[in-house]
Amino acid sequence: MGRAVVTSTLDSARTAFEQGRFGEARELYEAALEEERSAEALDGLGQALWFLCEIEMGIARREEAYAELRRAGDVARAAHIALWLVVEQATSLGNDVAASGWFKRAERLLDGSPLCPAHAELEVHRGQRCVDPAEAQRAARGLTELRN
């Protein structure tokens, strides 16, 4: 399978996913991965698995996508996945320690990096994690400051 075929397979996988055909998307992402390991295929597969209620496998594939994105230097996309993993570790797996670890990874990644949507996601997560209302308010102000 050449690069053009892998690209076509990924395009078909994205379309299937967007149309809610998660089983088909899974098969297509897996086929793309057989030919070429990529963050896009790993991330798409992880999301498809999650929607197919294969939560742990979905999380594992998205963790692999995160690692690929880090290696490629794609801070914004890696941070976005890290923040998704915060929620999934806490809510789906009940692992608050792992959730905190993913939050810290996202925080370190975004520190000093160019402004991107993941910065806003980080501040929302920061506010949600606050027990103290004053601390939550500071996080909300941080979110407002990102806009300006």
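State all residues of the stretch 72-86 that are without any contact (Cβ under 8 Å) to a residue 24 or more places away in the chain and either open to solvent by 60 Å² or more (accessible area, probe 1.4 Å) or out of contact with any helix residue (DSSP H, G or I) (no Cβ under 9 Å at 6 or more places or on another chain) (or both); if no residue qualifies, say none.
Looking only at the stretch 72-86, we keep the residues that are without any contact (Cβ under 8 Å) to a residue 24 or more places away in the chain, and these are 73, 84.
Once the filter is applied, which keeps residues that are without any contact (Cβ under 8 Å) to a residue 24 or more places away in the chain and either open to solvent by 60 Å² or more (accessible area, probe 1.4 Å) or out of contact with any helix residue (DSSP H, G or I) (no Cβ under 9 Å at 6 or more places or on another chain) (or both), the stretch 72-86 yields only 73.
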I'd like to check something: does the stretch 89-96 contain any residue that is under 28 Å from residue 119 (Cβ atoms), open to solvent by less than 50 Å² (accessible area, probe 1.4 Å) and within 15 Å of the chain's Cα centre (by Cα)? yes
Residues (surrounded by fewer than 21 Cβ atoms within 10 Å (Cβ to Cβ) and either in contact with a Lys or Arg (Cβ under 7 Å, 6 or more places away or on another chain) or acidic (Asp, Glu) (or both)) located in the stretch 48-71: 52, 54, 56, 63, 64, 68
On the basis of being farther than 20 Å from residue 84 by Cβ, hydroxyl-bearing (Ser, Thr, Tyr) and either open to solvent by less than 50 Å² (accessible area, probe 1.4 Å) or in contact with a helix residue (DSSP H, G or I) (Cβ under 9 Å, 6 or more places away or on another chain) (or both), does residue 12 make the cut? yes
Filter result for the condition that a residue is free of Cβ contacts under 8 Å to residues at least 12 places away in the same chain and β-branched (Val, Ile, Thr), over 9, 15: 15
Is it the case, given these coordinates, that residue 77 is at pLDDT 95 or above and under 16 Å from the mean Cα position of the chain (by Cα)? yes
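The values are calculated or read from the model by the stated rules, or taken from the named source; none is laboratory data. Everything numeric in this text was worked out from a predicted model, so none of it was measured. All Cβ positions, even for glycine, are placed from backbone atoms using ideal geometry, and neighbour counts span all protein chains on display. To get the accessible areas, we keep the full protein, side chains included, count just its heavy atoms, and leave off ligands, DNA and RNA. Shrake-Rupley method; radii C 1.70, N 1.55, O 1.52, S 1.80 Å.
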